[in-house]
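> For reference, the structure I am asking about is given below.
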């Protein structure tokens, strides 16, 4: 059974995103451990893809660097196997449908189950087409996490009722990236989710500061941060895990304060 619910068991959850293989998988593993040790409740691992349509320039750059360094899905699986010897927090993959499809969905999800991954997020998979992967995810105890965007509107109830693990609420239209201000009426989106499921929901896209994280987790059950962490990897390279640990600690402190 998925451990995703454990991430939300002790109050508001902080969820960092890390692109695997940027700048190399050794650094990724160290960053994951640093995040877990400093309060991350659930960790999203990005499997790099050449055309990451949901990503802004920061995470696009991370994908390019990771692919150039020779990162492959099999190498990421091996890294997770090692991480699971000491990292117990729930972890989910975030990638694109083509990555799973080209690897072989059955083989991909069977491996996820064996190595201890708890969920899968595919931002380019429309809700109406989720049955391409949902039965295999269920068969292998991997939660296929649904996203709800500002454009979902009347579809929110339908998506929430069939959701697994947790619901990823996209804060803004457009791609990932740091934003100075988030203007979407997220409270009404969360209210609609709450009326249709007991699953937790967390808000991502555009969150970078402790103040933003506090505000978003006040509305929902947690905050998801990607680009701000990738910027630390871009800036500090192999030395980044130390700074990622400090950043995670500051964000976790903000949302529980």
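The values are calculated or read from the model by the stated rules, or taken from the named source; none is laboratory data. For clarity, every value in this text was computed on a predicted model and none was experimentally measured. Reconstructed Cβ throughout: ideal geometry from the backbone, glycine too, with neighbour counts over all protein chains shown.
Listed here are the residues, each with its yes/no results for (1) modelled with pLDDT under 95; (2) outside any loop (DSSP other than H, G, I, E, B); (3) surrounded by fewer than 17 Cβ atoms within 10 Å (Cβ to Cβ).
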position	(1), (2), (3)
88	no, no, yes
93	no, yes, no
107	no, yes, yes
112	no, yes, no
151	yes, no, yes
156	yes, yes, no
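> Further, regarding this structure: Right, residue 81: closer than 19 Å to residue 230 by Cα and in contact (Cβ under 8 Å) with a residue 24 or more places away in the chain or not?
The answer is no for residue 81.
> Please determine, by comparing only the residues of the stretch 62-74 that are in a helix (DSSP H, G or I) and out of contact with any helix residue (DSSP H, G or I) (no Cβ under 6 Å at 6 or more places or on another chain), which one is nearest to residue 103 (Cα to Cα).
Among residues in the stretch 62-74 that are in a helix (DSSP H, G or I) and out of contact with any helix residue (DSSP H, G or I) (no Cβ under 6 Å at 6 or more places or on another chain), the one nearest to residue 103 (Cα to Cα) is 74.
> Hey, can you tell me all the residues within the stretch 206-217 that are in contact with a helix residue (DSSP H, G or I) (Cβ under 8 Å, 6 or more places away or on another chain) and either assigned to a helix (DSSP H, G or I) or crowded, with 23+ Cβ neighbours inside 10 Å (or both)?
Of everything in the stretch 206-217, those that are in contact with a helix residue (DSSP H, G or I) (Cβ under 8 Å, 6 or more places away or on another chain) and either assigned to a helix (DSSP H, G or I) or crowded, with 23+ Cβ neighbours inside 10 Å (or both) turn out to be 206, 207, 210, 211, 213, 214, 216, 217.
> Give me a count of the residues in the stretch 1-47 that are modelled with pLDDT of 95 or more, in a loop (DSSP other than H, G, I, E, B) and in contact with a strand residue (DSSP E or B) (Cβ under 7 Å, 6 or more places away or on another chain).
Here the count works out to 7.
> Now for a different question. Which one is surrounded by the fewest Cβ atoms within 10 Å (Cβ to Cβ), of the residues in the stretch 219-246 that are within 19 Å of the chain's Cα centre (by Cα), over 14 Å from residue 28 (Cα atoms) and without any contact (Cβ under 8 Å) to a residue 60 or more places away in the chain?
Among those that are within 19 Å of the chain's Cα centre (by Cα), over 14 Å from residue 28 (Cα atoms) and without any contact (Cβ under 8 Å) to a residue 60 or more places away in the chain, it is 219.
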